[in-house]
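What follows is a set of notes on a single structure, which appears directly below.
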Ligand code: RB5
């Protein structure tokens, strides 16, 4: 499985721990690569654009996960969600078809973060009423002029 991943300076160590902890995943690391401060929207955009282009999954790590999610969700077709425990991680994939998982390195340790990532990657979007609701999210996006497709 190929997953795009990126972080800002606050998320660097956790991103590296996630990549080390899940070596079976084919990581596409889009930065940042060093401890120098960077602006999280730039990294969020890189992963969001990759997910939009390729239709795959992405992971974003910053201090709280929140800034990354807010920025990534501006890209049409992206459904980014913050999750710091496994129940939410599974639910945002099954119910909301979240295609980007956002994590806060100042919120969770690497052990829990790995469990959260495993839960998220191991879940799949559900059909039926959940699909209908996710389609309504896409309709809102179209209505707001976010996606011309
Ligand atoms: C960086 O200090 C911090 O603001 C950033 O990592 C993130 O938490 C923003 O949402």
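Numbers at a glance
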read-out: Two-site FRET efficiency, residue 138 against residue 107, from Cβ-Cβ distance with R₀ of 25 Å, rounded to 0.05; value: 0.30
read-out: Sorted by Cβ neighbour density within 10 Å, fewest at the top, the residues 38, 107, 61, 92; value: 107, 38, 92, 61
read-out: Ranking of 74, 136 by count of other Cβ atoms within 10 Å, fewest first; value: 136, 74
read-out: Relative contact order (percent, whole number), region 26-87, Cα cutoff 8 Å, 6+ residue spacing; value: 29 percent
read-out: Simple spin-label estimate for residue 127 and residue 53 in nanometres, 7 Å along Cα-Cβ; value: 3.2 nm
read-out: Helix-derived mean residue ellipticity, 222 nm - over the chain, DSSP H n ≥ 4, -39500 (n - 2.57), to 500; value: -14000 deg cm²/dmol
read-out: Most mobile of 36, 49, 13 in a GNM of the chain (Cα contacts under 10 Å); value: 36
read-out: For the chain, built as a Gaussian network whose Cα springs stay under 10 Å, the top-fluctuating residue of 35, 125, 76; value: 35
read-out: Fraction in percent of alpha-carbon pairs per bin - 10 Å, the chain; value: 13, 44, 33, 9, 0
read-out: Choice from 51, 117, 134 with maximal GNM fluctuation in the chain (Cα, 10 Å cutoff); value: 134
read-out: Residues listed by number, region 64-107, amide nitrogen under 12 Å from residue 24 label point at 7 Å toward C-beta; value: none
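No lab work stands behind these numbers, since they all come straight from the coordinates. Since this is a predicted model, take the numbers as computed values, not measurements. Using ideal geometry, Cβ is built from the backbone for each residue, glycine included, and neighbour counts are taken over all protein chains shown.
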